[in-house]
Amino acid sequence: PKNRNDQVPMKAGRKAYGYRAKEREMIERVVRKRRPRKGGLVASYRQIAQELNDEGCGTRTGKPWYPRMVRLICERQKLAEAAEKETGLSHKSDIGPGDYLSDEEVRRCRAVLSDEERVIFELLLGSGLRPGEICQLQERDLRIEYGNAAIFVRYGKWTKRAKRTRERKKSRWVYVSDHVRDMLTRYMREKRPSAKRRDPVFVNRWKSPLTYRNLYDRMQKIGGRAGARELKPHRMRHTYSTNFLNSGGGIEHLQSQLGHEHLSTTQIYGKSLEKAIRPAIERLQQYHDRL
């Protein structure tokens, strides 16, 4: 592309929040071009794509604009506006109560867990690991001997810089509680006694490494038995992050645990904490007014 800063994410399934300033500017430009013009005519996707190419706007992949790219942006924007009217959220970067488990839902889930499900559930709840990072854990990544309580994530998420420079994926240390450490130790001793250093920690029923689909299906079954709707693996990550801040953890420490490249990504959980604190502040003010 002529200008690499004018980039727009076109990968299907990417979350609607997390756009950079230039990306947001490009989205707004596409939406403006789609609005009715003089005479009530609406520009077609093909026409908008041609105009963007003539203006020298580049895409993330370096390819020219295609009508399907413009259509995808317009459809996402329409869904975002509909969600804003329905929920009152100003943008998609807000984490609402439906994005994490309540205390009652956690208790109901714990009551229906089998032994192996309990290890995975407590690890997700107590570490904030991504689902893919859970599936790729190897025996050598568990630093749980001699009183240690840490996990080495050697295959983290691709960063923008790593994609551009072909560097290796980002690695980090994730610290867990003694309860999770003891549970992992017992699990490896009883269920995986012959595991070698490069063997996966979790396997499916065919003794193959656990896949995201296997993990997703397990969480859905747990949620169905416990009455927790839409219990997805990434919802556990949201639950960990929210509970971490509610327990007094710092935002920088949470960023390190989650492996976020930018602090702004972690700050969306601070917004959910602010919403939870606001009613308590109002009640406190009413109490002070009565003094």
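Here are the numbers for the structure shown:
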| quantity | calculated |
| --- | --- |
| Local electrostatic count at Y216 - Lys and Arg +1, Asp and Glu -1, tallied over other residues with Cβ under 12 Å | +3 |
| Proximal aspartates and glutamates relative to K191, as straight alpha-carbon distance under 15 Å, when same-chain residues fewer than 8 apart are discounted | D115, E116, E117, E139, D182, D199 |
| Cross-link table K78/K221; K33/K78; K157/K232, entries beyond 22 Å C-alpha to C-alpha | K78/K221 |
| FRET efficiency for R186 and E23, using Cβ-Cβ distance with R0 set to 41 Å, rounded to 0.05 | 0.35 |
| Area of Y66 that stays accessible when all protein chains are in place (1.4 Å probe, Å², to 10) | 90 |
| Positive minus negative residues near D182 (Lys, Arg vs Asp, Glu; Cβ under 13 Å) | 0 |
| Apportionment of accessible area to carbon and sulfur, the range 119-266, percent (1.4 Å) | 48 |
| Net charge of neighbours whose Cβ lies under 14 Å from the Cβ of I48, counting Lys and Arg as +1 and Asp and Glu as -1 | +4 |
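The values are calculated or read from the model by the stated rules, or taken from the named source; none is laboratory data. Every value quoted in this text rests on a predicted model; they were computed, and no experiment measured them. Positions of Cβ are generated from backbone atoms using ideal geometry, with glycine treated the same way; all protein chains shown enter the neighbour counts. The accessibility values were calculated without ligands, DNA or RNA, using every heavy atom of the protein model including side chains. Shrake-Rupley method; radii C 1.70, N 1.55, O 1.52, S 1.80 Å.
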